[in-house]
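Read the structure below first, then the notes.
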Amino acid sequence: MVSNQSQWNSVYNRDKKVWGDNPSQLAVVAYNYLRESQAFRNRKDIFILDLGCGYGRNAIFLAQNLPCHILGLDNSQPAIDMAMQSLKGSLAKKIEFLCYDFTNVSDKYDVIFVSNLYQVLKPQERTQLRETIKRCLKPDGILFLSTFSVRDPEHYGKGTPVDGEPNSFFDIRYMHLCTRQELEQDFDFLTINALYEHIFHDLRPNHDHDHISWILMGHLK
């Protein structure tokens, strides 16, 4: 379970849909890949595990545009409560949202989707996430993951450096930023199809800013 759960509960209680309703770039990448991939485009049902789903904006986008069933997990009950409010009509048949510890998941999935969760996990939690991916990704499945780069201008070097953890800082909350080499080492159990940086603008009330994230796609070796 993510260690700063109470902080995220406060964020969601205070700011509600803090990133708006539009999907993340990772969700757009996943949609385009799954729509065009020969392995997935003719599937009648794709089973997707969305880890750190927040209030469901990415799961909802994918369910609206793909033949899929999605399990969205988050450790924040306020986020899950907001996500549940969006389950109307056909979406209620395609998505299940749960406040649940991802380390307890054991079912197999065609797709594991992890948008901007890795960066808030401490080292042991990042290891647990990777073990969950190894355990739950089908042999022919694919991982989509995004996480902040060390070149991110909003978070790198902000706050107090964490002792013994390069590129980790504690400001309002814990934040770890990744290099390409680190991601290649962390996910060496995957054949990495793509790994590149993405620049995006984050619209927030009174605080617009830019981010640089890694986007990683890969399947089990």
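The values are calculated or read from the model by the stated rules, or taken from the named source; none is laboratory data. What you see is a predicted model, and the numbers here were worked out from it, not measured in a lab. Every residue, glycine as well, gets a Cβ built from its backbone with ideal geometry; the counts of neighbours run over all protein chains shown.
Annotation note: Cβ proximity below 7 Å between a residue of the range 152-167 that is surrounded by 13 or more Cβ atoms within 10 Å (Cβ to Cβ) and a residue that is assigned to a loop (DSSP other than H, G, I, E, B) and among the acidic types (Asp, Glu) (sequence gap 6+ or interchain) occurs for 158/171; 159/171.
Can you confirm whether the range 142-161 contains a residue that is modelled with pLDDT of 95 or more, among the polar types (S, T, N, Q) and over 16 Å from the mean Cα position of the chain (by Cα)?
Yes, the range 142-161 contains a residue that is modelled with pLDDT of 95 or more, among the polar types (S, T, N, Q) and over 16 Å from the mean Cα position of the chain (by Cα).
Criterion applied to 79, 59 was being within 20 Å of residue 26 (Cα to Cα), at pLDDT below 95 and touching a Gly at 6+ places or on another chain (Cβ under 8 Å), and the one residue passing it is 79. Taking the criterion of being farther than 21 Å from residue 215 by Cα and in contact with a helix residue (DSSP H, G or I) (Cβ under 8 Å, 6 or more places away or on another chain), the only residue of the range 22-45 that qualifies is 41.
Across the range 183-203, the number of residues qualifying as among the acidic types (Asp, Glu) and either touching a residue at least 12 places away in the same chain (Cβ under 8 Å) or within 20 Å of residue 52 (Cα to Cα) (or both) comes to 3. Scanning the range 99-133 for residues that are touching a residue at least 60 places away in the same chain (Cβ under 8 Å) and among the aliphatic types (A, V, I, L, M) yields 111, 112, 114, 117, 120, 121, 129. Filter the range 68-109 down to the residues that are surrounded by fewer than 18 Cβ atoms within 10 Å (Cβ to Cβ) and among the acidic types (Asp, Glu), then identify the one that is farthest from residue 48 (Cα to Cα). This residue is 81. If you go through the range 113-163 and keep only what is among the polar types (S, T, N, Q), assigned to a strand (DSSP E or B) and under 25 Å from residue 57 (Cα atoms), you end up with 115, 146, 147, 149.
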